[in-house]
Amino acid sequence: MKISRWRQLKKILVISDNHGYTHQLREVIDREMPFDLFLHCGDGECSKSEYERLLPPLMASIYLKGNCDFLPLRQAARFALDGIEIFAVHGHKHAVKQGCSVLEYEAGKQGAQLVCYGHTHRAEIHETDGMTFVNPGSFTGYHSPTRSTYAVVEIEDGQVLHAEIKHTEI
């Protein structure tokens, strides 16, 4: 008899740079449920409790400090989820508006497989040296007057299975 191992997908909802704008965040949370982690890469300009009111009770969440945040938040997070080493920052201290080379170097030193960041307000996903980089863009629609962007990352058994930029109409 062959016994198959049960595998469970882990899903991360990543947002950044909403600058206090939470108008459609509840809609996005409802659309993307279920997910395992809410990761905010900075410049939220809201308290953690404001976000936690929108999230399901006991939802795992990480909030990072951006250059426009004045709350006592951490600058970076390094953690593991389902066998994936994750490194998350806002990006302003890694000069991401000039490119990702500084962030790529630091993420490599951290042993990261998934790197999430913000600051540029431009959504993008790219891979470098076995690392997947995800910038969810801006939830305010900063570079598009009609839509805001966010990202969803799915991981399973130590691999990034899928990373996608999504949008919602403003």
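The values are calculated or read from the model by the stated rules, or taken from the named source; none is laboratory data. Nothing here was measured: the structure is a model prediction, and the numbers come from that model. Note: ideal-geometry Cβ built from the backbone for every residue, glycine included; neighbour counts use all protein chains shown. These accessible areas exclude ligands, DNA and RNA; they are computed on the full protein's heavy atoms, side chains included. Shrake-Rupley method; radii C 1.70, N 1.55, O 1.52, S 1.80 Å.
Against the conditions (1) over 18 Å from TYR150 (Cβ atoms); (2) open to solvent by less than 80 Å² (accessible area, probe 1.4 Å), GLY20 satisfies every one except (1). Considering only residues that are in a strand (DSSP E or B), free of Cβ contacts under 8 Å to residues at least 60 places away in the same chain and either more than 15 Å from GLY42 (Cα to Cα) or open to solvent by 10 Å² or more (accessible area, probe 1.4 Å) (or both), which ones fall in the range 64-85? Within the range 64-85, ARG74, ALA76, ARG78, PHE79, ALA80, GLU85 qualify.
Only residues that are touching a residue at least 60 places away in the same chain (Cβ under 8 Å) and part of a strand (DSSP E or B) were counted in the range 89-131, giving 1.
Taken over the range 48-58, the criterion of being under 19 Å from CYS116 (Cα atoms) and open to solvent by 10 Å² or more (accessible area, probe 1.4 Å) is satisfied by LYS48 alone. Applying the set (1) open to solvent by 30 Å² or more (accessible area, probe 1.4 Å); (2) in contact with an Asp or Glu (Cβ under 6 Å, 6 or more places away or on another chain); (3) in a loop (DSSP other than H, G, I, E, B) to HIS162 leaves exactly one unmet item: (3). Here TYR117 fulfils each of the conditions (1) modelled with pLDDT of 95 or more; (2) exposed (fewer than 14 other Cβ atoms within 10 Å of the Cβ); (3) of a type in the set (Ser, Thr, Tyr) apart from (2). Apart from one condition, PHE139 fits all of (1) touching a residue at least 40 places away in the same chain (Cβ under 8 Å); (2) under 11 Å from the mean Cα position of the chain (by Cα); the exception is (2).
Only residues that are touching a residue at least 24 places away in the same chain (Cβ under 8 Å), open to solvent by 50 Å² or more (accessible area, probe 1.4 Å) and in a loop (DSSP other than H, G, I, E, B) were counted across the range 24-47, and they come to 2.
Taking the conditions (1) surrounded by 19 or more Cβ atoms within 10 Å (Cβ to Cβ); (2) among the β-branched types (Val, Ile, Thr); (3) over 15 Å from SER16 (Cα atoms) in turn, THR128 satisfies each one other than (1).
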